[in-house]
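These notes concern the structure reproduced below.
The values are calculated or read from the model by the stated rules, or taken from the named source; none is laboratory data. The shown structure was predicted, so the numbers you read here are calculated from the model rather than taken from an experiment. Backbone-built Cβ (ideal geometry, glycine too); neighbour counts: all protein chains shown. Areas reflect the complete protein model, heavy atoms only, side chains present, ligands, DNA and RNA absent. Shrake-Rupley method; radii C 1.70, N 1.55, O 1.52, S 1.80 Å.
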Amino acid sequence: MKTRIITARATLLVVLLLCLWTALQFGTTGSRWYKLGPAARYQQTAVYDSNSGTMVIFGGQHTYNEQNYDDVWWANNVTTAACLPPCALQWTHPSGIVANAPSARFGHTAVYDAVNLRMVVFGGAGGVTSPAPCLNDAYVLEDAPGTSGTTQWDALSPKGSPPPVRYSHNAVYDANDNEMIVFGGNNCSTTYYNDVWVLTNANGLGGTPTWTQLSPSGPAPGPRAYASAVYDAADDIMMVFGGYDGSLDGDLWVLNHAGGVSGSPAWVQLNPTGTTPSARYQHSAVYDAADNRMIIYGGHTKKAAEITETWVLANANGLGGAPFWTLTSSDGPQRALHSAIYDPATNKMVIFGGQVPKSVNGNPTEDHVWVLNDANGL
């Protein structure tokens, strides 16, 4: 009995030291992992339900076996997970939602209607050894966080001509007008896009969803995929940074009147003051609406290097002052093609999965959750 007590105490001490080592190594960034969660993957999507603290994961691809996924996972208590077991973070894989489900895919987009608890998925790639075939279908997941009613898929049948097939594009959601706004992407071959499309009645409620291509005024950003985009709902502004079109992009753009409802859409290039991030792609971005700050993380500055930087753009929408970048951290985990969400109540950015250097753990895809505290740098 005495030996068992000593062994248990020694095990607890090791766990405590490991947790302390993680905190010291990564500063304000903490690793949260639950081994019964989703398989390692990259280019999945994530949306966040702040009321329940649930991150919803869909799809993605595994690098080694090139398997595409069509599964949905819930990460509960994702911003409050504790280091020591029993961890608050819990992965749940809902069952019984295979009817009308989207085909397995990666490089798609997902947006979230927090009022009606609906996730809208668009496009992506369905291939394995190569991206093709590309897709341009749209689906709604009812009760996406699994907190009310029945979680089920609905295939949308929008009116109008849909956007050309694409993956690695961007999409944001205008909750005020129930619109999904789509920008850019690639056709799973050699064509890059810089077009803007709007899906009205995007959540499948209030009328028949309808696709419309917008024609914004002003010089437009060049065609690109793997960029990041965030949305300022109060001012109807979409912000786009970086991307790839055969070469790396490091420019910053805003689309005013992004959905075409509040006024005529217009592109404006922003030129932040001070030091700026290097050109990059396959990074993530989230938006702190209260402080008008865009937070970008990770990505590639060249094909062989996943980077660890976190940058914050103040006055991100171009209003209220000159935009300026601040490098807030350089010690995060190396990641690209990951998913990210932001919790405004706790000021935390949460990333999941993604591509990592093979030298990190022998596997170039990841299944860990990482939490960045004080994400907006304030």
Label residue 93 and residue 289 with points 7 Å out from Cα along Cα→Cβ: what is the distance between them in nm? 3.4 nm
Gyration tensor over alpha-carbon atoms, the chain, equivalent ellipsoid semi-axes in Å: 33, 24, 20
Estimated FRET transfer efficiency (residue 176, residue 305; beta-carbon r; R0 30 Å; 0.05): 0.15
For segment 226-367, restrict the atom set to alpha-carbon positions and state the Rg and Dmax in Å. 15.2, 51
Express the carbon and sulfur contribution to the solvent-accessible surface of the chain as a percent, rounded to the nearest whole number, probe 1.4 angstrom. 54 percent
What is the distance, in nm, between label points placed 7 Å from the Cα along the Cα-to-Cβ direction at residue 128 and at residue 190? 2.7 nm
Rounded to 0.05, the calculated FRET efficiency for the beta carbons of residue 152 and residue 51 at R₀ = 22 Å is 0.65
Segment 51-66-segment 284-328 distance, computed between alpha-carbon centres (Å): 23 Å
Percent RCO, i.e. relative contact order, over the chain, from Cα pairs under 8 Å lying at least 6 residues apart: 13 percent
Counting Lys +1, Arg +1, Asp -1, Glu -1, what net charge surrounds residue 315 among other residues with beta carbon under 13 Å of its beta carbon? -3
If I build a Gaussian network model for the chain, linking alpha-carbon pairs within less than 10 angstrom, which residue out of 273, 54, 147 has the largest mean-square fluctuation? 273
Among rounded, prolate and oblate, which fits segment 92-235 when a ≥ b ≥ c are the square roots of the eigenvalues of its C-alpha gyration tensor, a/c under 1.5 means rounded, and a/b larger than b/c means prolate? oblate
Under the rule a/c < 1.5 gives rounded, and otherwise a/b versus b/c splits prolate from oblate, where does segment 116-166 land using the Cα gyration tensor? oblate
Relative contact order for segment 135-222: what is it in percent, counting Cα pairs under 8 Å that are at least 6 residues apart? 23 percent
For a paramagnetic label modelled at 7 Å from the Cα of residue 326 toward its Cβ, which residues of segment 276-301 fall within the zone defined by backbone nitrogen distances under 13 Å? 291-295
Ranking 80, 266, 116 by how far each Cα lies towards the positive end of the charge dipole of the chain (+1 on Lys and Arg Cβ, -1 on Asp and Glu Cβ), the top one is 80
What's the FRET efficiency of residue 80 with residue 374 using the Cβ-Cβ distance as r and R₀ = 25 Å, to the nearest 0.05? 0.95
GNM result for the chain, Cα springs below 10 Å: residue of 332, 206, 242 fluctuating most strongly: 206
The answer for the net charge of residues other than residue 353 whose Cβ lies under 11 angstrom from its Cβ, with Lys and Arg +1 and Asp and Glu -1, is 0
How tilted is helix 2-26 with respect to the longest principal axis of the chain? Cα atoms for both, answer in degrees (0 to 90, nearest 10). 30 degrees
Given a 1.4 Å probe, how much area per residue of segment 245-291 is accessible, in Å²? 41 Å²
Take the chain, connect every pair of alpha-carbon atoms lying under 10 Å apart with a spring to form a Gaussian network, then pick out the residue of 53, 204, 321 with the largest mean-square fluctuation. 321
With Cβ to Cβ distances under 13 Å as the rule, what net charge do the other residues near residue 67 carry (K, R +1; D, E -1)? -1
If you stretched the chain out fully between residue 215 and residue 66, how much longer would it get, using 0.36 nm times the residue separation minus the C-alpha to C-alpha distance? 49.9 nm
³J(HN,Hα), Karplus 6.51/-1.76/1.60, whole Hz, each residue of segment 234-248, x for Gly, Pro: 5, 10, 6, 10, 9, 10, 10, 9, x, x, 8, 9, x, 9, 7
Quick one: putting +1 on the C-beta of Lys and Arg, -1 on the C-beta of Asp and Glu, what dipole do you get for the chain around its Cα centre, in Debye to the nearest 20? 1300 debye
Per residue accessible area in Å² of segment 111-239, where ligands, DNA and RNA are left out and the probe is 1.4 Å: 36 Å²
